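Every number in this text was worked out from the coordinates using simple rules, so none of it is lab data. The structure displayed is predicted, hence computed values, not measured ones. As a convention, Cβ positions derive from the backbone with ideal geometry for all residues, glycine included, and neighbour counts pool all protein chains shown.
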Amino acid sequence: VQLQASGGGLVQAGGCRRLSCAASGIIFSFYAMSWYRQAPGKQRELVATITNSGNRNYADSVKGRFTISRDIAQNTVYLEMNTLKPEDTAVYYCNAAREPRGLPTYWGQGTQVTVSS
């Protein structure tokens, strides 16, 4: 199983960025796909999830600014990030969790997003 995250980089505050995570080795439609992030010195936190039925959930800190979506044909999940803030700076990780129990679960390698003020 591989989750290949990409799209990170340096962006100015107020800007936007789209992250992608391409999955292989899993039946994509059986999994809930999530984005987590971890800032320096902080615990990893859940940012957004899209379930296998298409339901979306977001952390309060990103609601209205971030959108999670998926392309089942491409086995890819996206995170569209708008109105970025310096506090969004973190390594962003893609996660796949088998529905309905959340196991097994797999992680991507992470992609750095840095938002400059």
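Please list, by residue number, everything in the range 12-29 whose backbone N is under 15 Å from a paramagnetic label point 7 Å out along Cα→Cβ of residue 72.
27-29
Given 0.36 nm per residue, what is the gain on full extension from residue 57 to residue 107 after removing their alpha carbon distance, in nm?
Roughly 16.1 nm would be gained on extension.
Calculate the dipole size of the range 20-90 relative to its Cα centre from +1 charges on Lys and Arg beta carbons and -1 charges on Asp and Glu beta carbons; express the result in debye to the nearest 20.
Computed about the Cα centre, the dipole is about 80 debye.
Convert each backbone phi in the range 25-42 into a coupling constant with the Karplus relation 6.51 cos²θ - 1.76 cosθ + 1.60 (shift: θ = phi - 60°), then list the ³J(HN,Hα) values in order as whole Hz, x for Gly and Pro.
Whole-Hz 3J(HN,Hα) from phi for the range 25-42: x, 10, 7, 3, 6, 8, 10, 7, 10, 9, 10, 10, 9, 9, 8, x, x, 10.
Every cysteine in the chain with no other Cys Cβ under 4.7 Å from its Cβ, please list them in numeric order.
16
Taking Cα pairs under 8 Å and at least six residues apart, what relative contact order does the chain come out at, in percent?
36 percent.
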